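Everything on this sheet refers to the single structure shown next.
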Amino acid sequence: EGSAAAESTPPTGAEALPGLVGTAPQLLEVADIVRRAARSTVPVLILGESGTGKELVAKAVHELSPRQGHSFTAVHAGALNAGVLESELFGHEKGAFTGADSERKGRFETADGGTLFLDELGEIPQTTQVKLLRVLQDKTFERVGGSQQLRTDVRLVCATNRNLREMVKDGGFREDLFYRVNVVTVTMPPLRERTGDIPRLVKYFLQKEGTKLEMPEDVLARLEAYHWPGNVRELENVIRRCIALATGDAINVEDLPPEITQATRLPPGEEAPQGLVGDLERIERNTLLNALKETGWNVSRAARILGVGRTALQYKMKKYGLKKPE
């Protein structure tokens with residue numbers, strides 16, 4: 001998701017972490033946990049949906065730790081089959097399997113003294129889980145096809161978008177390994193729960209792409225009103241698309257992908273939908289109206305209560321015809 005822009009004074013909150021952009025309370029909590037946990041050597045487990053920035057947090061743990069002068073190594077377990085994964089992690093001896101023409105060191109050897117980030121932990125097969133547990137228990141392992149015990153000094157940071165507790169109950173993940181990796185837990189919030197950070201993220205991504213295109217309020221409101229199933233990664237891709245399609249000095253609604261414009265559009269003169277969708281929209285309208293009344297029609301305060309961005313609330317007010325009484 002990129003790194004925060006440099007400032008003349010030390011950054012605070014989540015932007016004090018390398019790579020994270022935002023000041024939502026959930027992100028500030030992540031920053032606090034990471035800063036405190038980084039000082040130790042205990043395993044860290046990062047939970048969250050795809051695209052929320054789990055690898056960025058893993059890098060922050062490393063860069064804020066005493067191991068920052070050593071290597072940070074990432075292994076994405078979900079992309080490798082069982083045999084390749086074990087060779088990647090533990091290495092192999094010459095002749096260990098067909099094609100093993102030479103000895104190869106694994107990540108637990110090459111990352112010695114540093115941090116090993118193991119992504120998609122929930123995808124690791126049971127046989128590999130046993131070997132991983134051994135590394136965590138006594139810091140020893142054997143290469144594939146070897147018998148010599150090798151030692152390693154690696155800090156393990158894991159991430160997953162799976163519910164490991166449920167996997168333990170279902171027998172898909174070892175309970176003893178779960179408690180070994182689940183020492184410090186960091187939960188990454190989905191973007192839909194911190195839409196107030198979208199303006200900051202948009203500004204950052206525009207700067208990252210080196211463009212001076214403007215982002216009008218109506219376009220920003222569409223972005224804040226969208227539910228973002230792909231999280232920050234999806235937002236970055238949308239901004240890159242908009243930059244590529246923009247023809248003037250500013251990004252237009254027409255530059256947004258259809259899944260965003262269709263999800264947030266109410267054409268002029270269209271009647272309120274009937275059935276379940278209509279019921280949900282009436283509930284949403286009443287919720288917004290109650291928050292506005294409670295705050296004396298202070299849009300900024302109402303947006304904070306509702307947990308949405310100011311521009312998103314203004315868009316919804318316009319959509320539902322909510323205006324401050326004269």
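The values are calculated or read from the model by the stated rules, or taken from the named source; none is laboratory data. As the structure is a computational prediction, the values presented were derived from the model and not from experiment. Backbone-built Cβ (ideal geometry, glycine too); neighbour counts: all protein chains shown.
I'd like to know if the range 189-203 contains one or more residues that are surrounded by fewer than 16 Cβ atoms within 10 Å (Cβ to Cβ) and among the β-branched types (Val, Ile, Thr).
Scanning the range 189-203 turns up no residue that is surrounded by fewer than 16 Cβ atoms within 10 Å (Cβ to Cβ) and among the β-branched types (Val, Ile, Thr).
Residue pairs, Cβ under 6 Å, 6 or more apart or interchain, first in the range 226-248 and at positive phi, second in a helix (DSSP H, G or I). List them.
From the range 226-248, the pairs are Trp228/Leu191; Trp228/Arg192; Trp228/Glu234; Asn231/Leu191.
What residue, among those in the range 65-88 that are aliphatic (A, V, I, L, M) and modelled with pLDDT of 95 or more, is farthest from Gly114 (Cα to Cα)?
Out of the qualifying residues, it is Val75.
How many of the residues making up the range 135-172 are loosely packed, with under 13 Cβ neighbours inside 10 Å and part of a helix (DSSP H, G or I)?
Total meeting the criteria: 6.
Output the number of residues of the range 248-294 satisfying the condition of being modelled with pLDDT of 90 or more and not assigned by TED's automatic domain parsing to the domain that holds Glu236.
1
Answer yes or no as to whether Gly196 is outside the structural domain of Glu55 (by TED's automatic domain parsing) and closer than 30 Å to Val168 by Cβ.
Numbers: outside the structural domain of Glu55 (by TED's automatic domain parsing): yes; closer than 30 Å to Val168 by Cβ: no.
So Gly196 does not fit the description; no.
When you look at Ala37, is it small (Gly, Ala, Ser) and under 20 Å from Lys139 (Cβ atoms), yes or no?
When the stated conditions are applied, Ala37 passes them.
Tally the residues that are surrounded by fewer than 22 Cβ atoms within 10 Å (Cβ to Cβ) and either assigned to a helix (DSSP H, G or I) or among the hydrophobic types (A, V, I, L, M, F, W, C) (or both), restricting the search to the range 205-218.
Going through the range 205-218, the residues surrounded by fewer than 22 Cβ atoms within 10 Å (Cβ to Cβ) turn out to be 206-218.
If we keep only those that are either assigned to a helix (DSSP H, G or I) or among the hydrophobic types (A, V, I, L, M, F, W, C) (or both) too, we end up with 206-208, 213, 215, 217-218.
The number of residues fulfilling the criteria is 7.
With the checklist (1) of a type in the set (Val, Ile, Thr); (2) touching a strand residue (DSSP E or B) at 6+ places or on another chain (Cβ under 6 Å); (3) assigned to a helix (DSSP H, G or I) in hand, flag the one item Val34 doesn't pass.
Result: Val34 fails condition (2) only.
Looking only at the range 59-85, how many residues end up being closer than 21 Å to Asn161 by Cα and among the charged types (D, E, K, R)?
Summing the residues that are closer than 21 Å to Asn161 by Cα and among the charged types (D, E, K, R) in the range 59-85 gives 1.
So which residues in the range 204-221 are closer than 13 Å to Cys242 by Cα and basic (Lys, Arg)?
Lys212
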